[in-house]
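A quick write-up on the structure given underneath.
The values are calculated or read from the model by the stated rules, or taken from the named source; none is laboratory data. From a predicted model like this one, the values you see are computed outputs, not experimental measurements. In this analysis, Cβ positions are derived from the backbone assuming ideal geometry, glycine residues included, and neighbour counts consider all displayed protein chains. Surface accessibility is based on the protein's heavy atoms, side chains included, excluding ligands, DNA and RNA. Shrake-Rupley method; radii C 1.70, N 1.55, O 1.52, S 1.80 Å.
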Amino acid sequence: KSNAYIKRRNFNKIQTIMTHMFEYRIDKLNGISSEINVGGTIRQQNGKLGEDFVEILFNHIVKFFFEDKNIIIKNGNKKEEKKNISITSKNGETFTKKHSVDIHVYFNNELKICVECKSYLDSCYFGRALLDFHTYKQDNNGRFQDMIPMIFAFEEAADKNTLNFEMANLNIYPNIFYMLDGNRSSKKAYWKPKYRKQINQDKLLKFIKH
């Protein structure tokens with residue numbers, strides 16, 4: 001079998017795995033929503049779904065396409081993943097703070113890709129994500145200048161002009177990926193049976209190939 005066939009087959013396998021994972025987690029969200037006073041739990045599980053989705057997806061990409069490479073995927077929210085970022089002010093004072101984003105991808109033990117994961121991407125979330133990426137770039141040691149920033153979200157919730165303005169303002173241009181069609185509606189949650197959305201396979205494949 002040709003390399004092209006094997007590659008295509010592996011893409012299909014990953015798409016199937018991730019689609020099933022998404023559907024399973026959405027079913028769980030629906031189960032939780034039938035209980036009483038679970039708004040906080042819903043928000044927490046919804047947010048965690050994005051992080052888990054990207055972490056599992058990246059691990060499968062490595063498994064199927066880069067198994068011979070030294071690539072490691074880590075959850076940036078774990079205490080040991082926090083990076084010490086040092087920034088010197090105009091008056092010469094140096095300040096250090098621990099910093100991270102949701103997913104860290106290492107190539108040969110160097111942090112090369114950082115991913116911020118959102119259930120939906122509005123202007124507020126987007127601005128915060130850009131600031132997180134910007135903080136990495138400001139590190140005195142210049143360790144993260146080549147780091148590639150990415151934002152993953154299930155739904156859109158901000159107009160393109162706002163996104164473009166914010167990126168130009170901070171000179172940070174992350175790759176942005178959405179998995180579902182249509183804009184987010186607070187009254188029509190994508191995981192509710194009546195408004196349930198499916199993964200757009202073209203968008204998923206684009207994310208995998210990227």
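Couple of notes before you dig in:
- Normalising the average separation of contacting C-alpha pairs (under 8 angstrom, six or more residues apart) by the number of residues puts the relative contact order of the range 1-109 at 22 percent.
- Helices in the chain, meaning DSSP H runs of at least 4 residues, each add -39500 (n - 2.57). Divided by all residues, the mean residue ellipticity at 222 nm is -15000 deg cm²/dmol.
- Set against the 2.2 N^0.38 Å expectation for a compact globular protein, the chain has a Cα radius of gyration ratio of 1.10.
- Based on the Kirkwood approach, the hydrodynamic radius assigned to the range 101-210 is 15.0 Å, with every pair of different Cα atoms included.
- Using 0.36 nm per residue and subtracting the Cα-Cα separation, the extra length available between Phe66 and Ser89 on full extension is 4.2 nm.
- Within the straight-line cut-off of under 14 Å between alpha carbons, the aspartates and glutamates reachable from Lys7 are Glu67, sequence neighbours fewer than 8 places apart in one chain being disregarded.
- Debye, to nearest 20: dipole size of the chain, +1 on Lys, Arg Cβ, -1 on Asp, Glu Cβ: 480 debye
- For the range 63-110, alpha-carbon Rg relative to the globular expectation (2.2 N^0.38 Å, N residues): 1.58
- Relative to one another, the C-alpha centroids of the range 166-193 and the range 62-87 are positioned 24 Å apart.
- Carbon + sulfur, % of accessible area of the chain - ligands and nucleic acids excluded, 1.4 Å: 48 percent
- DSSP beta bridges confined to the chain are antiparallel in about 55 percent of cases.
- Chymotrypsin sites (Phe, Trp or Tyr not before Pro) restricted to DSSP loop in the range 55-136 with at most 14 other C-beta within 10 Å: Phe66
- Set Lys78/Lys137; Lys78/Lys118; Lys98/Lys187 screened for pairs whose C-alpha atoms are more than 25 Å apart: Lys98/Lys187
- Within the straight-line cut-off of under 18 Å between alpha carbons, the aspartates and glutamates reachable from Lys69 are Glu55, Glu110, sequence neighbours fewer than 8 places apart in one chain being disregarded.
- Positive minus negative residues near Asn75 (Lys, Arg vs Asp, Glu; Cβ under 11 Å): -2
- Rel. contact order, % - alpha carbon contacts under 8 angstrom, at least six apart, the range 62-210: 17 percent
- Efficiency of FRET between Asn161 and Lys112 - r from beta-carbon atoms, R0 35 angstrom, step 0.05: 0.70
- Extreme residue, positive dipole direction of the range 1-102, given options Leu57, His20, Asn91 (C-beta unit charges): Asn91
- Alpha-carbon spread of the range 1-120, three principal axes, descending order, Å: 60, 52, 22
- Note, ³J(HN,Hα) from phi for the range 50-61, Karplus 6.51, -1.76, 1.60, rounded to Hz, x at Gly and Pro: x, 4, 5, 4, 5, 4, 5, 4, 4, 5, 6, 4
- If you plug the beta carbon distance of Lys209 and Lys79 into 1/(1 + (r/R0)^6) with R0 = 35 Å, you get a FRET efficiency near 0.60.
- For the range 50-89, alpha-carbon Rg relative to the globular expectation (2.2 N^0.38 Å, N residues): 1.56
- Each Lys and Arg contributes +1 and each Asp and Glu -1, all at the Cβ; summed about the Cα centre of the range 1-87, the dipole is approximately 360 debye.
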